[in-house]
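Written out below as C-alpha cells is the structure these notes cover.
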Amino acid sequence: MKRYLARRLLLMMPTFVGITLLTFVVAQWAPGDPFQLDLETAGPSQQVIDAQRAARGLDAPLPVQFGRWFSRVVRFDFGRSFVDQREVTQKLSEALPRTGRIAGLALLFGFGLAVPLGVQLAVHRRRRWARWLEFTLVAAWSVPSFWLAVLLLTFFSEWFPVQGGVVLPVICLTWPTLVVATRQVRSAMTDALGQDYVKAARARGIPERRVVWRHALRNSLLPVVTMLGLHLPHLVGGSVVIERIFSIPGMGLLAFEAIGSRDYPTVMGAATVMALVTMLSMLLVDLAYAFIDPRIRLEKAS
Amino acid sequence: MTRAWLIAAVFFVAGCKKPSAPPSAPDADWLAGRAVTRGAPKNGGTLTVRLAIEPAGLTRLHDAFAEGTMTRITVGPIYQTLGGGLSSASESSVDHLTTRVTLRDGVTFHDGTPFTSADVKATLETILDEKNATSVLRSSLETLASVEAPDGRTVVLRWSRPYVFAEETLLNAVPIMPAHALMGDWDTLPIHRAPIGTGPYRFEKWEPGVALTYVKADARAHVQRIVFRFVKDETAAQTSWERGDFDVMTKISPAAWRAMEKQPWAWQQYQPVRFAENTYAWLGFNQRLPMFRDAKTRRALALLYPAQLVAKHVTLELEAQTTCPYYPPSKSCDASVTPLPFDPVQAQQLLSEAGWKRVDGVLQREGTKFTFAFLVPAQSVRMAKVLPLYLDTLKAAGIDARIETVDVSAYMSRVRPHDFEAIALSWASPTEQQDNFQNFHSSQAEVGSNFVGYVSPEVDALLEKIRVTWNVAERQALERQVHRLVYDEQAYLFLTRPPTLDAFKRGVQNVQPSLAWYDLASLWVEP
C-alpha cells in the first residue's frame, strides 16, 4: 500500500509538468495580447507595449519563459497579475474559499440526497410514484443550470439575497449533481438487488432493510465513488455561469476573466491549482476503491 | 350613508399614509431623463452604485488602470487635480515654455500629511520616469522637460516646446498623490489598491470582486458612504435593481431604458438620467488598401449606411447621429455639417464615378472584387446588431462584406498592426478639450491611433497649428475646419454618440452629470 502510494505520487510529477506545459503553450498560442487596454481611448503606442512586454519577460523565447515560470511554481509563486498587479496567490486564496464553500455544499447535498433517493427508487422501482419520479428526473436532467439560475433569481429574489448569497447558487449547483447521481445509484442498486448474493442473504433470513442498506448498497457504491471523484475538481474549478449570475468572485470567474484579458500569471495559477486537485482526487478515488471493495488489490492493479 | 362614510374613511387613511404619493405616470422630466432637485442639502446616508466592471486599480497614473472608464469613475471622488481645486493660480510665460502654478494653502491628504509642492513634483516625476508603466500620461506630457519646487507653495514647469494640450493634461488630468506614497516599486505600490488623495471622499475598503467603499472625508461631501457594488451579470443587476438594492443603477441598455416607461416600479422608485458623455462610435475602412483609398468610395459607403433603421431597431432612438470628432455642444464642431443621408442611388453614382462596375452582381475595379470583412470584438453586442443591417444594404449595392468576430484582447493586436479591412471602434474623452492629432495626423498612421491610415496634408497642417494655438476661439475655428474636412473626406464613417443611461433612486438629490460622469460629492440623499 505504501509503495503504491509512493509510486502514484511520483507519477503525478511528470503528469503535472505535462499539464502545466500544455496550458502554458495553449495560453501563449491564443491570439491576443495582455497589454491592449481599453478600446475606447487611444491607449499606449506599440513601443510602450513592447517595453511592458519586455519588463515582464514576455519577449524571451517560450521555453525560457516556461522554465522561469516553472521554477517559481514549484515554490508556489505564480507572480503578479498583469491586470491589477496583485499577487496571483493572493487572488487565488480569496477566490478558492468562495468557490469551495458553494461547491462543497452542493456536493454534500447532491450526493447526500442522491444515495437515499436512488436506493428508494431501486427498491420501489415497480411502484407508480417511483416511475413518475424517474421520469421527472430525466426531465430535470435536461434543465440547464444557467436557466435554473435565472428562474430562481426571478422568483426567489424576494427571499434570498441576489448578491453573495449561498442558498440560490447552492441549489443551482446541487441540481445537476443530484439528478445524475440519483440515477447512477438507482441503476447500480437495481443491478445489485438482482444478484445471487442478495437472494442468498434474503434466504438466510437477514432483514430486508439490512440486505438493502448493507449488502446491496455497499456493492453499488463503486460507480458513485467514481462520480464523486470526478466532481471533486469542481470544488476548486467553480462554475463561470453560476458565479457570474450570483456575483460570486470565485475560481470560475477568476479564470474566465483572466483568460479573456490574457492575464497569463493568473490563468497559469488557476490552471495549476485545478490540475493538482484533479490529480489528487483521482488518487483518492483509487484509494477509496480498495477501501470499499476488498477484491481490488492496489499492489496488483498497479 | 354608511358606504359614503366608509369611502371617505378609506380616502382619509390612504391620504394619511402617503403624504407624497408616488406619481401615477412618468412626467416629462422623467421621460427626458432629467433629474430635478428638491429640498436643501442633507448630510448622511449611504449611496450604493452598481458597476458592471471592476476597476483594475485606483490610480489613473498607471497604464494598466489609466484608460479604464471604471477607474476614471471610481477615483473621481478621491483625488483632486491642480485645476480641480489644488491650485489658486497658474500663469504661463509669453513663449509658453514656463508655467508657474501657485498651490492652495491648508490642504491635507486623507492620511493627515499636508499637501505641498513636493507632492506635485513627486507625482509628475513618477509619470516622467521611463521605468514606470505610466506611458499613457507620459505621452500627453512628452513636452514636460522639468519640474521645480522653489518653495512649498509654488511649482515651476518647463516645457521643451509649446503644446497647448499638455497644460490642459497637467491641470485637469493628473491626480496629485502624496510623495511618500509614491516611493518604492511603482507596479506594486499600496496606493494602487488603497488610494490616498485630497478629494471629498477617502478610501475605506475594497473587497475584490464584491465592492469598493468610500467614506466622506470632510464637509465638501454630503453622503456619508459610497459603496460601488460590482455586479457583472445583466440579469442579476436587473433583478437587484427591481428589488431596490441600488441607489444608482448604471449601464442601462437601450431596451431596458425603453422598458422602464411601462414599469410602475421604475417610475415610482427611480429617476432615469440620460446625458451625453464625450464619446462617439465609428466605422473605419483601412485606407492603405486600394479599395478604400479614394474619398468617393468612402462617401458612397456612408450613403449606404442605414442610420434610420439602426436608430429604430438597435439604439431605439436614444442616440444622436454625429459627424464630428470633437464634443458637439462645444464650438469645435461646425454646426453646418449635416450627416450624409441614406441614399443608395447617389451611392451607386459615386461608386461608378470612382470606377466600380457591376459584374455578376458584385462590384469590381481593375479586376478586383469589392469584398471585405468588418473586424469586430466578440463582446460588442451593439455591432452584432448594427452590422447585419448595414451588410444588407451593402449587398444590395453589390458590395460583398462579412463580419469577422475576434476576442477583445485579440482585437487590438489585429488593429494596431493594421491587419484589418474594416473596423468598428469608439473614442471617449473625459474632457471637452481634445487633441485629434493622434487620430488623424498622417504621422500617426504607422505607430499612433490613426489606425485607418487617413492622410490629408491639409488636416495635418491644421492639427499642427491647433497644438500651438492658445486662443480658444482661434483654436475652435481651426477645429471646425478639421471637422468639415474629416467628414467630407470620410476619414471615419461617424455613427452616433451613445448617451450614458443611468437611474437614480427618487430620494437622491442634486444629480449633476458631467463629462467625467457625476460629481458624487454634490449628491445628497433624502431619508
Segment B:244-371, relative contact order in percent, only Cα pairs under 8 angstrom and at least six apart counted
23 percent
Prolate/oblate/rounded label for segment B:143-234 (Cα gyration tensor, a/c 1.5)
prolate
Starting from the Cα gyration tensor of segment A:144-302, take the square roots of the eigenvalues, sort them a ≥ b ≥ c, and report rounded, prolate or oblate (rounded when a/c is under 1.5, otherwise prolate if a/b is larger than b/c, else oblate).
oblate
Determine ³J(HN,Hα), in whole Hz, for all residues of segment A:111-117 in sequence, where each value follows from phi through the Karplus function 6.51 cos²θ - 1.76 cosθ + 1.60 and θ = phi - 60°; x replaces Gly and Pro.
6, x, 8, 5, 5, x, 5
From fewest to most C-beta neighbours within 10 Å, the residues B:His313, B:His441 line up as B:His313, B:His441
Placing unit charges on C-beta atoms (Lys and Arg positive, Asp and Glu negative, everything else neutral), compute the dipole magnitude of the protein assembly as shown about its Cα centre in debye, rounded to 20.
4540 debye
Starting from the eigenvalues of the Cα gyration tensor, five times each then square-rooted, give me the equivalent ellipsoid semi-axes of segment B:447-512, largest first, whole Å.
34, 19, 11
Mind listing which trypsin sites (Lys or Arg not before Pro) in segment B:195-285 are in a DSSP loop and have 16 or fewer other Cβ atoms within 10 Å?
B:Arg220, B:Lys251, B:Lys262
In whole Hz, the Karplus estimates of ³J(HN,Hα) for segment B:212-221 (6.51, -1.76, 1.60; θ = phi - 60°; x where Gly or Pro) are 10, 10, 10, 10, 3, 8, 7, 5, 5, 9
Honestly chain B on the Cα gyration tensor test (a ≥ b ≥ c root eigenvalues; a/c under 1.5 rounded, otherwise a/b vs b/c for prolate or oblate) is just oblate
Estimated 222 nm signal from helices in the protein assembly as shown, with DSSP H stretches of n ≥ 4 weighted -39500 (n - 2.57), rounded to 500
-14000 deg cm²/dmol
In debye, nearest 20: dipole of chain B around its Cα centre with unit charges on the Cβ of K, R (+) and D, E (-)?
1620 debye
Using only the alpha-carbon atoms, how far is helix A:251-260 inclined from the longest principal axis of chain A? Give it as 0 to 90 degrees, nearest 10.
40 degrees
For chain A, longest principal axis from Cα atoms; helix A:145-156 axis from its Cα atoms; angle between them, nearest 10 degrees, is 80 degrees
Helix A:217-231 vs. chain A, principal-axis angle (Cα, 0 to 90°, nearest 10)
10 degrees
At a Cα cut-off below 25 Å, give the lysines reachable from B:Lys131, other chains included and same-chain residues fewer than 8 away excluded.
B:Lys121
Give the average, rounded to an integer, of partner chain Cβ atoms located within 10 angstrom of each Cβ in B:402-412.
4
Fraction of antiparallel bridges per DSSP, chain B only, in percent to nearest 5
75 percent
Cα-based Kirkwood hydrodynamic radius, the protein assembly as shown, one decimal, Å
31.0 Å
Selection of trypsin sites (Lys or Arg not before Pro), segment A:103-142, meeting DSSP coil and at most 11 other Cβ within 10 Å
A:Arg126
With the calculation restricted to Cα positions, what are the radius of gyration and Dmax of segment B:69-138 in angstrom?
14.0, 39
Among A:Leu152, A:Met227, A:Ala30, flag the residue with its Cα farthest along the positive direction of the charge dipole of chain A, charges on Cβ as +1 for Lys/Arg and -1 for Asp/Glu.
A:Met227
Report the residues of segment A:228-250 in range of a label on A:Asp293: point 7 Å along Cα→C-beta, backbone N strictly under 11 Å from it.
none
Residue-averaged beta-carbon neighbours from other chains (10 angstrom radius) around B:233-244:
5
Scan chain B and hand back the longest stretch that contains none of the GluC sites (Glu not before Pro) lying in DSSP loops with at most 15 other Cβ atoms within 10 Å.
B:1-129
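None of the figures in this text is laboratory data; all of them are computed from the coordinates on show. Here the structure is a predicted model, which is why all the values come from computation and not from measurement. Backbone-built Cβ (ideal geometry, glycine too); neighbour counts: all protein chains shown.
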